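Scroll down for the structure; my scribbles are underneath it.
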Amino acid sequence: AQSVTQLDSQVPVFEEAPVELRCNYSSSVSVYLFWYVQYPNQGLQLLLKYLSGSTLVKGINGFEAEFNKSQTSFHLRKPSVHISDTAEYFCAVSRSGGSYIPTFGRGTSLIVHP
Amino acid sequence: NAGVTQTPKFQVLKTGQSMTLQCAQDMNHNSMYWYRQDPGMGLRLIYYSASEGTTDKGEVPNGYNVSRLNKREFSLRLESAAPSQTSVYFCASTDGGYGYTFGSGTRLTVV
């Protein structure tokens, strides 16, 4: 079985400040890792993913994440946030094979203040 | 536009009524999923279909049934709706698990 823990339920930050959203996972097998963003009243949109290879992954809208196998973490970062980044962010993990069932964290609400 | 289409977008049911949520994808994906999203709970898997002709229970299947009608369509049925099923329902699909495409959701209220 696999699980995902998003360590912060809410992260307030001022515009143009850097931000890190934390995600830890547990799994006994190799995994794929994902970050999704959900804007109000919308579905989930893929931000970035780690499948294999380089541990630093770049995504859309200036976000990046680093896979750390020893710490079982996949934290999401952005060097300078905008008001438009205000949204719910979900970390997800799935087995790299089999039925590909993703397990999602409970979400982190990023609130960007002017 | 290619993607996952969910209908309806909004629905209000009375306790005990039944309804079917429809989901269709046009990306030729093998695997499809139904999730429910509740505040502070993230997304919880209701049922999934790893491939056409197969369905399996997820984390919270009670009160729901599913049908994988063909490769494109995966429907979710509530036989006798209860207030605890008030939620936002998302359908998703993938091919190979390299990323999941979500529909825009169905907001269901059971009164």
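None of the figures in this text is laboratory data; all of them are computed from the coordinates on show. Worth saying up front: this structure is predicted, and the values here are computed from it rather than measured. Positions of Cβ are backbone-derived with ideal geometry, glycine not excepted, and every protein chain shown enters the neighbour counts.
Overview of results
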{"quantity": "For A:85, B:26, B:95, order by how many other beta-carbon atoms lie within 10 Å, fewest first", "calculated": "B:26, B:95, A:85"}
{"quantity": "Net charge dipole size for the protein assembly as shown [Lys, Arg +1 and Asp, Glu -1 on Cβ; Debye, nearest 20]", "calculated": "420"}
{"quantity": "Mean separation of Cα contacts under 8 Å, 6 or more apart, over the residue count of chain B: relative contact order %", "calculated": "36"}
{"quantity": "Extreme residue, positive dipole direction of segment A:13-114, given options A:42, A:60, A:32 (C-beta unit charges)", "calculated": "A:32"}
{"quantity": "Exercise: per-residue mean of other protein chain Cβ atoms within 10 Å, B:36-42", "calculated": "4"}
{"quantity": "Net charge over other residues, Cβ less than 14 angstrom from the Cβ of residue A:96 (K, R count +1; D, E count -1)", "calculated": "+3"}
{"quantity": "Relative contact order (%) - chain A, alpha-carbon pairs under 8 angstrom, separation at least six", "calculated": "37"}
{"quantity": "Order of A:78, B:57 - criterion: other Cβ atoms within 10 Å of each residue's Cβ, fewest first", "calculated": "B:57, A:78"}
{"quantity": "Segment B:39-83 - percent relative contact order, Cα under 8 Å, separation 6 or more", "calculated": "29"}
{"quantity": "For chain A, built as a Gaussian network whose Cα springs stay under 10 Å, the top-fluctuating residue of A:14, A:104, A:67", "calculated": "A:14"}
